[in-house]
Amino acid sequence: MFADILSSAGRSQIKGVLRNQSLIAGIGNAYSDEILHVARMSPFKPAAMSRDEAMRLYEALESTLRAAVDGALGSSAADLKREKKAKMRVHGREGEPCPICGDTVRQVIFADSTLQYCPTCQTGGKVLADRVLSRLLK
């Protein structure tokens with residue numbers, strides 16, 4: 001079923017597919033960054049992928065969300081946001097070292113959102129272009 005959702009999304013970027021509430025409800029910007037980091041996938045990877053990649057992504061999705069729910073258990077409502085942020089690997093951590101490889105977590109800004117990722121873990125060392133900065137330099 002999950003692989004079918006990805007396949008039907010075709011060349012759409014996986015980050016957008018994960019955030020699309022009509023396809024997969026409940027994953028927002030922060031957890032999509034985290035899931036893709038755990039899966040070691042670029043946020044710009046096309047959603048149509050091999051069965052093995054889809055399984056790796058699904059396992060990352062399940063483990064990331066399960067850890068988030070388990071981490072929230074017993075926390076007061078007032079502490080939830082702080083607890084969530086403290087446990088993030090890449091989201092909201094631009095400029096900090098990746099907890100897995102030590103590379104610097106990078107950020108890409110879009111008109112309506114941002115994403116954070118680790119170049120070493122997710123894009124084979126390639127730093128993704130930040131389109132907002134590119135437009136400012138022209």
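The values are calculated or read from the model by the stated rules, or taken from the named source; none is laboratory data. This structure is a prediction, so every number in the text was calculated from the model and none was measured. Backbone-built Cβ (ideal geometry, glycine too); neighbour counts: all protein chains shown.
Here are some notes:
- Output for the stretch 82-122, where each listed residue is hydrophobic (A, V, I, L, M, F, W, C), out of contact with any His (no Cβ under 7 Å at 6 or more places or on another chain) and not in a helix (DSSP H, G or I): Met88, Cys98, Ile100, Cys101, Val105, Val108, Ile109, Phe110, Ala111, Leu115
- Entirely in the stretch 1-77, the helices (runs of 4 or more DSSP H) that have 2 or more residues that are more than 16 Å from the chain's Cα centre (by Cα) and at pLDDT below 95: 2-9, 51-72
- Matching residues, the stretch 68-100, being under 15 Å from Leu36 (Cβ atoms) and among the hydrophobic types (A, V, I, L, M, F, W, C): Ala68, Met88, Val90, Cys98, Ile100
- Any hit, the stretch 92-104, residues being closer than 30 Å to Ser8 by Cβ and surrounded by 14 or more Cβ atoms within 10 Å (Cβ to Cβ): no
Let's see how each residue does on (1) surrounded by fewer than 22 Cβ atoms within 10 Å (Cβ to Cβ); (2) farther than 18 Å from Ser113 by Cα; (3) in contact with a strand residue (DSSP E or B) (Cβ under 7 Å, 6 or more places away or on another chain):
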residue: Ile5; (1), (2), (3): yes, yes, no
residue: Arg11; (1), (2), (3): yes, yes, yes
residue: Lys15; (1), (2), (3): no, no, yes
residue: Leu18; (1), (2), (3): no, no, no
residue: Ser32; (1), (2), (3): no, no, no
residue: Arg51; (1), (2), (3): yes, yes, no
